[in-house]
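Worksheet: one structure, shown below.
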Amino acid sequence: MDVNVRRIYSRLLWKVRSAADLKPETAIWEIAKSYLPNRKAADWNQALMDLGARICTARNPKCDVCPVNAQCASAFSKALLKKSTSEKRTEPSFRGIPRRIYRGRILKALHNKPLTSLQIGSRVVDHFQQDDLKWMNGILEKMEVDALITIHGAGPRQKVSIAQ
């Protein structure tokens, strides 16, 4: 799901606590299905992405010109308009490579068939070792929560596949 669309639904339907406050993607999917029109769904999705990119932006939302501000739970919220004073968070990484890169590699590795955690690790991490399995399983568990993959079974024989 596009981050702009996720941000719009999060702000529209829930009063957000900060500009970075987004609801879980699984919750947004369930709600987004009910808003999707029967015809021209692609146009609808493009309009939401444009709204998020141009008006309901992450750091400087333009609530005053937003076409849905009257229905938005977060419109004109001080939490949205407040400038963040916190330091920029560093992106989680492993061996100097951002976690998001590994997530992409994992999905690519699973493209053709299910694999074990060890097989995935050896395909996506240079010099992968048994000691790295705990880290790999942590990423896989988070990806399952994000509904990107499905983990079948447990332990060393568990299989991982792309979510259907």
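Structure data summary
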item: Of residues in the stretch 53-68 being in a loop (DSSP other than H, G, I, E, B) and surrounded by fewer than 14 Cβ atoms within 10 Å (Cβ to Cβ), the one modelled with the highest pLDDT; result: P67
item: Condition met for A19 (in contact with a Pro (Cβ under 9 Å, 6 or more places away or on another chain), at pLDDT below 90 and closer than 20 Å to C66 by Cα); result: yes
item: Test for G155: is it small (G, A, S) and at negative phi; result: no
item: Test: A42 is loosely packed, with under 12 Cβ neighbours inside 10 Å, part of a loop (DSSP other than H, G, I, E, B) and of a type in the set (A, V, I, L, M, F, W, C); result: no
item: Count - residues of the stretch 108-149 that are assigned to a helix (DSSP H, G or I) and among the hydroxyl-bearing types (S, T, Y); result: 2
item: Members of the stretch 101-128 found to be without any contact (Cβ under 8 Å) to a residue 24 or more places away in the chain and closer than 19 Å to G155 by Cβ, listed by number; result: Q119, G121, S122, F128
item: Cβ-Cβ under 7 Å pairs, at least 6 apart or on other chains, the stretch 62-81 side at positive phi, far side at pLDDT 90 or above; result: F76/C63
item: Test for N4: is it of a type outside the set (A, V, I, L, M, F, W, C), surrounded by 12 or more Cβ atoms within 10 Å (Cβ to Cβ) and farther than 17 Å from A58 by Cα; result: no
item: Odd one out for N112 among (1) surrounded by fewer than 10 Cβ atoms within 10 Å (Cβ to Cβ); (2) at pLDDT 90 or above; result: (2)
item: The stretch 129-146 residues that are buried (at least 16 other Cβ atoms within 10 Å of the Cβ), paired with ones that are basic (K, R) (beta carbon under 7 Å, 6 or more apart); result: I139/R99; I139/R103; M143/R103
item: Exclusive hit being under 27 Å from I149 (Cα atoms) and either touching a strand residue (DSSP E or B) at 6+ places or on another chain (Cβ under 8 Å) or of a type outside the set (V, I, T) (or both), set L22, L51; result: L22
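The values are calculated or read from the model by the stated rules, or taken from the named source; none is laboratory data. Source: prediction; values computed, not measured. Ideal geometry is used to build each Cβ from the backbone, glycine not excepted, and the neighbour counts take in all protein chains shown.
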